[in-house]
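The structure appears below as structure tokens.
The values are calculated or read from the model by the stated rules, or taken from the named source; none is laboratory data. All of these numbers come straight from a predicted model, not from anything done at the bench. Don't worry about glycine lacking a Cβ; one is built from the backbone with ideal geometry, like all the others, and counts go over all protein chains shown. Heavy atoms of the whole protein, side chains included, go into the accessibility calculation; ligands, DNA and RNA do not. Shrake-Rupley method; radii C 1.70, N 1.55, O 1.52, S 1.80 Å.
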Protein chains: 2
Amino acid sequence: MAPTIAIIGGSGPEGRGLALRFAIAGYPIIIGSRDAGRASEAAQGLLEIRAGLPITGAANEDAASQADWTLLSVPYDGLEATTLALAPVLAGKIVTSVVAPLAFEAGTAHGVVVPQGSAAELVAGLLPDSKISSAFHNLSARDLLKPDMELEGDVIVCGNDDVARGQTVELANSLKNLRGVDVGDLANSRYIEDLTALLLNVNKRYKAHSTIKLVGL
Amino acid sequence: MAPTIAIIGGSGPEGRGLALRFAIAGYPIIIGSRDAGRASEAAQGLLEIRAGLPITGAANEDAASQADWTLLSVPYDGLEATTLALAPVLAGKIVTSVVAPLAFEAGTAHGVVVPQGSAAELVAGLLPDSKISSAFHNLSARDLLKPDMELEGDVIVCGNDDVARGQTVELANSLKNLRGVDVGDLANSRYIEDLTALLLNVNKRYKAHSTIKLVGL
């Protein structure tokens, strides 16, 4: 049976988009939000896009407690506090960071320099008893939320734990037409997170929803 | 007539590979090296791969003086000194950085944090009278040096000067089967330079020569 996945910060567009697509792929999803009511509303909204999917909502801590696996999809600003508060219920479980630390200056996106190297490495430092992976930074929320739109590109996955990395690649491969690419060490997360800034700048320039693909693999 | 391009540090594998491909595309090339003899040897070596190409060699300063356009393809460690020494002969001209500042730790490539943001922004600070662009970081030197091997992927180009950026996109498009993608501000160079580390780690893991393509553009 597919593991149940909590998406913390799942009421934001990226979180809701991933929730919808993972649920379509057969993963039971619990959307987590600081406010349980907002989480349920977000779940309800997704069920209006496609009825009958295994999506519920709960307050962040309940969501993470009930799930086998947790995705962190919160703004970088709140990442440290949110992660620390959930540490006890995340021990022993897989935790996947989808956080891209970004700032905007005169309309241009910039990757924020994270002292630990990347948002995912910050998470890993705060959750020494969890199995950390990093992935799903570079998919367009708008495209994810259109369930009939065919996605394209590669989901680059990194992490220091083999199990977390392997399952995250499998989760990426469960999304139709996408390919999970395991690139190894969690230290690669910085490049993947920063790519989000590059892609936002490309998308703004070309009014596109681009993503990347590794060719020659 | 196509502008003459000097490739500083052009006796290294990346520089030689770009020299070969640009010459095939019709650009006259001067390979620059600290030692004029080594530059001529490198040019000679490329003519043995394909005879009759417009490739010569010269000491760095002579190469940059004689050329309309200069590519910097030197190791990051020597970039500042090399660039400063050439500043007078590069004034008013296009200068393209292909430098990716990398370090290796336990077999994993890391992007070196550059105080100016990126190698290209370091160059821009040192050459206020030149027109700076940044591109060609992510092509495999080994593939470039096999003239019959079809390249694939996108050459991401950035820069704050419209002319430099436009001509660099044109240069990228002159390489068969590649696409130059103009992403705007030179501040994007960090993401492109860092991608080199990610691609090296991917290539090591999969024994591949991968590069990237932007899909959805």
Within the protein assembly as shown, the percent of DSSP beta bridges that are antiparallel, given to the nearest 5, stands at 25 percent
On the formula 1/(1 + (r/R0)^6), with r taken between the Cβ atoms of B:Leu102 and A:Arg205 and R0 of 30 Å, the FRET efficiency rounded to 0.05 is 0.65
For A:Lys131, counting only aspartates and glutamates whose alpha-carbon sits under 12 Å away and dropping same-chain residues fewer than eight positions off, the answer is A:Asp68, A:Glu121, A:Asp161, A:Asp162
The stretch A:1-80 and the stretch A:143-181 have their Cα centres apart by a whole-number Å value of 17 Å
Partner shielding of A:28-40, as the mean number of partner chain Cβ atoms within 10 Å, equals 0
Result row for chain B, helices from DSSP H with C-alpha axial extent 15 Å or more and mean Kyte hydropathy at least 0.5, is B:76-90
Where a ≥ b ≥ c are root eigenvalues of the Cα gyration tensor, a/c under 1.5 meaning rounded, otherwise prolate if a/b exceeds b/c and oblate otherwise, the stretch A:26-101 counts as prolate
Extension length gain for B:Val163 and B:Lys146 (0.36 nm per residue less Cα distance), in nm, is 3.1 nm
Among beta bridges assigned by DSSP with both residues in the stretch A:37-163, the antiparallel ones amount in percent, to the nearest 5, to 40 percent
Checked against the positive end of the charge dipole of the stretch A:27-111 (+1 on Cβ of Lys and Arg, -1 on Cβ of Asp and Glu, about the Cα centre), the farthest of A:Val98, A:Ala64, A:Pro28 is A:Pro28
Place a point 7 Å from the Cα of A:Lys176 in the direction of its beta carbon; the residues of the stretch A:43-77 whose amide N falls under 19 Å from it are A:46-55
Neighbours of B:Arg179 by Cβ distance under 12 Å: Lys/Arg at +1, Asp/Glu at -1, summed charge -2
Taking a probe of 1.4 Å and leaving out DNA, RNA and ligands, chain B shows per residue an accessible area in Å² of 40 Å²
Mean per-residue count of partner chain Cβ within 10 Å for B:106-114 equals 3
Between the modelled labels at B:Ala91 and A:Leu84 (7 Å from Cα along Cα→Cβ) the distance in nm is 5.4 nm
Per-residue average of other protein chain Cβ atoms inside 10 Å, peptide B:195-205 -> 5
Rounded to the nearest 5, the percent of antiparallel DSSP beta bridges in chain A equals 15 percent
Charge tally for neighbours of A:Ala2 with beta carbon under 12 Å away, counting Lys, Arg as +1 and Asp, Glu as -1, is -2
For the stretch A:1-156, the Cα convex hull volume per residue in Å³ comes to 118 Å³
Straight-line reach check, A:Lys207, cutoff 25 Å on alpha carbons, 8 or more apart in-chain or any other chain, hits among lysines -> A:Lys146, A:Lys176, B:Lys213
Dipole check, the stretch A:96-217, charges on Cβ (K,R +1; D,E -1), about Cα centroid: among A:Asn177, A:His110, A:Asn201 the Cα furthest to the positive pole belongs to A:Asn201
So the A/B interface buries, both sides summed and with a 1.4 Å probe, an accessible area in Å² (nearest 100) of 3000 Å²
Counting only protein heavy atoms with a 1.4 Å probe and every protein chain in place, the carbon and sulfur fraction of the accessible surface of the stretch A:31-157 in whole percent equals 50 percent
Taking every other residue with Cβ under 13 Å from the Cβ of A:Asn160 and scoring Lys and Arg +1, Asp and Glu -1, one gets -3
Rounded to the nearest 0.05, FRET efficiency between A:Asp62 and B:Gln44 (Cβ-Cβ, R0 60 Å) equals 0.25
